[in-house]
1. Test of understanding: among Leu140, Leu128, which residue is in the same structural domain as Asp161 (by TED's automatic domain parsing) and touching a strand residue (DSSP E or B) at 6+ places or on another chain (Cβ under 7 Å)?
2. Among the residues of region 163-189, which ones are within 18 Å of Ala135 (Cα to Cα), touching a helix residue (DSSP H, G or I) at 6+ places or on another chain (Cβ under 9 Å), surrounded by 12 or more Cβ atoms within 10 Å (Cβ to Cβ) and not aliphatic (A, V, I, L, M)?
3. Identify the residue in region 94-104 that is assigned to a helix (DSSP H, G or I) and in contact with a Pro (Cβ under 9 Å, 6 or more places away or on another chain) and, among all such residues, is nearest to Pro245 (Cα to Cα).
4. Those residues that are at pLDDT 90 or above and either of a type in the set (A, V, I, L, M) or outside the structural domain of Ala167 (by TED's automatic domain parsing) (or both), I need them from region 111-122; list them, please.
5. Could you please give the count of residues in region 5-30 that are at pLDDT 95 or above and either acidic (Asp, Glu) or closer than 17 Å to Glu273 by Cβ (or both)?
6. How many residues are touching a Phe, Trp or Tyr at 6+ places or on another chain (Cβ under 8 Å) and modelled with pLDDT under 90 when one looks only at region 238-278?
7. Please go through (1) modelled with pLDDT under 90; (2) within 30 Å of Gly26 (Cα to Cα) for Arg127 and return the number of the only condition it doesn't satisfy.
8. I'd like to know if region 69-82 contains one or more residues that are assigned to a helix (DSSP H, G or I), among the hydroxyl-bearing types (Ser, Thr, Tyr) and touching a residue at least 12 places away in the same chain (Cβ under 8 Å).
Amino acid sequence: MEGPFVTRRQELGAASARSLLLTVLGEFVLPGGRPVWTASLIELLADLDVAEKAARQAIMRTADSGWIAASRIGRETRWSLTAAGTRLLREGTERIYGFAAGDRSWDGRWLVLTVGVPENNRALRQRLRTQLGWAGLGCLDAGTWVTPRVDREQEARRVLDELGLRAGSWSFVATAGAVGDERTLARTAWDLDAIERRYEDFLDLVGRRRPRTDRQALVAQVRLVQEWRRFPLLDPGLPRELLPPRWSGNRAAEVFRERHAGWAPRAQRAWEELTEGR
């Protein structure tokens with residue numbers, strides 16, 4: 001018997017309680033620097049369709065990771081970001097908003113990485129694919145990786161060191177020659193059609209949201225950031241010279257910026273009402 005079918009839209013819209021909690025902390029607790037009550041977090045997460053038990057578990061797991069710390073006032077508990085949590089969320093925020101910043105200039109150079117992995121070590125090959133993919137590199141074949149972002153070399157080297165693959169690997173910085181087309185190379189290294197479908201799903205989801213109240217704007221803002229934060233991991237951030245014409249990612253980034261700026265004042269008012277009334 002086959003398992004349930006999950007559409008791309010359902011996958012894009014689904015979010016774990018802990019991931020939603022981190023989005024809330026990054027959007028509203030990090031900028032203000034003030035602690036937040038447990039009850040406030042649980043109430044907002046309930047609006048985001050997270051059950052109370054799951055919300056409490058997400059809070060405790062985030063605390064166990066060392067990202068938030070508790071202080072008790074009477075029978076109530078409030079939470080503050082730790083130094084580690086502040087650093088984590090600041091880095092994530094910079095990546096999220098930096099990714100939505102617009103066009104990326106390119107000097108025409110490529111970072112090329114060749115890596116030797118034993119053919120029979122499938123687990124290691126998968127870890128390499130995942131971690132280099134997160135670093136923004138695309139795979140041309142089993143042992144060759146590329147990116148037009150040559151500043152990713154240090155991150156790629158860190159991955160190779162962690163996986164014990166530095167020996168027998170080489171990196172090169174070069175420009176393309178007269179043979180072949182660079183857009184074709186980009187399509188070989190990355191599944192741009194699949195990435196574009198994810199952007200179209202994002203546009204469809206966001207386009208249907210019309211928050212009427214401040215509280216609805218707060219919920220919409222959290223969901224907006226939650227859905228956008230996936231793209232720095234999915235999309236290698238290629239320069240326009242390597243992208244297909246009318247790339248949906250450009251429109252998606254524009255919509256993200258517009259919606260975020262438009263909803264922010266009402267979302268902030270609702271957050272202050274939620275947290276300061278306790």
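The values are calculated or read from the model by the stated rules, or taken from the named source; none is laboratory data. Just so you know, these numbers come straight off a predicted model, no measurement behind them. Here the Cβ positions follow ideal geometry from the backbone for every residue, glycine too, while neighbour counts run over all protein chains shown.
1. It is Leu140.
2. Once the filter is applied, which keeps residues that are within 18 Å of Ala135 (Cα to Cα), touching a helix residue (DSSP H, G or I) at 6+ places or on another chain (Cβ under 9 Å), surrounded by 12 or more Cβ atoms within 10 Å (Cβ to Cβ) and not aliphatic (A, V, I, L, M), region 163-189 yields Arg166, Ser169, Ser171, Arg187.
3. Here is the first cut: in region 94-104, the ones assigned to a helix (DSSP H, G or I) are 94-99.
Okay, now just the ones that are also in contact with a Pro (Cβ under 9 Å, 6 or more places away or on another chain), so 95-96, 98-99.
Working: Arg95: 25, Ile96: 24, Gly98: 22, Phe99: 19 Å.
So, considering only residues that are assigned to a helix (DSSP H, G or I) and in contact with a Pro (Cβ under 9 Å, 6 or more places away or on another chain), the one nearest to Pro245 (Cα to Cα) is Phe99.
4. Across region 111-122, the qualifying residues are Leu111, Val112, Leu113, Val115.
5. Summing the residues that are at pLDDT 95 or above and either acidic (Asp, Glu) or closer than 17 Å to Glu273 by Cβ (or both) in region 5-30 gives 4.
6. Going through region 238-278 one residue at a time, the tally reaches 1.
7. (1)
8. Scanning region 69-82, I find no residue that is assigned to a helix (DSSP H, G or I), among the hydroxyl-bearing types (Ser, Thr, Tyr) and touching a residue at least 12 places away in the same chain (Cβ under 8 Å), so the answer is no.
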